[in-house]
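Note sheet for the following structure.
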Amino acid sequence: MLAALLLGAALAPLQAGAQEHEPEHEQISEMQLERTDAGLFLSATLKMELSDTVESALSKGISMYFVAEAQVLRQRWYWFDKTVAGATRYMRLSYQPLTRRWRLSQSSSPFDDSGLGVSLGQIFESMPEALAAMQRIAGWQIAPAEALHAGEPYLVRLQFRLDTSQLPRPLQFGMAGRSAWTLNLSRTMPLATAQAGS
């Protein structure tokens, strides 16, 4: 209880209504889809800025969690589109004050406090370097070959968001509706129809 109160006091400036710059021009660009015998692969560039509030929390040693989610949808004229495949990538960005370095961890499953699971970690000298790595998606397999059928129309939807549900509880209080904690990018594009035997 005492630890929660102390954390809340330390984070109070992050929740104050200080002058905040609004990130602009957030988008997913250069999105490409490659269909091979192994499956469907996605590459994209995310263009975004973190708010001053989020950067301040990071500099205080509070980890931020991000989620990239890709869905492959089969179009149906008679009903809602059906999700036939998909993949999710979880990212954790953190600052290590002792070494003054940034760590970006990526995993195919959510992070937890147990330390179990497999994740890929990278170390960077600065926040811009870490963000640049996080914003590049290259050769990400989002569907196996058997999930896609020749001649059928598909859409691919890519979403990227800041996952505030994994932040410390004291920091979540009063967060609802604050644009500083809102980061949600989305783009949908059609997948070229493959011909039978191709």
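Find, to one decimal place in angstroms, the Kirkwood hydrodynamic radius of the stretch 36-134, where the mean of 1/r is taken over every pair of different Cα atoms and then inverted.
Numbers: mean 1/r = 0.0633 Å⁻¹.
Radius from the Kirkwood sum: 15.8 Å.
Residues Asp112, Asp52, ranked from the fewest to the most other C-beta atoms within 10 Å, line up as Asp112, Asp52.
The length gained on full extension between Thr88 and Glu125, counted as 0.36 nm times the residue separation minus their Cα-Cα distance, comes to 10.6 nm.
When only alpha carbons are used to place a centre, the stretch 29-70 and the stretch 128-160 end up 11 Å from one another. On full extension, the segment bounded by Arg76 and Ala132 gains 16.4 nm, given 0.36 nm per residue less the C-alpha separation. Backbone N atoms of the stretch 49-78 closer than 13 Å to the 7 Å Cα→Cβ label point of His149 belong to residues 74-76. Listed from fewest to most Cβ neighbours within 10 Å, the set Arg169, Arg157 follows the order Arg169, Arg157.
Rule-based calculations on the coordinates, nothing more; no lab input. It should be emphasised that the depicted structure is a prediction, and the values quoted were computed from it without experimental measurement. Methodologically, a virtual Cβ is constructed for each residue, glycine included, from the backbone with ideal geometry; neighbour enumeration extends over all protein chains shown.
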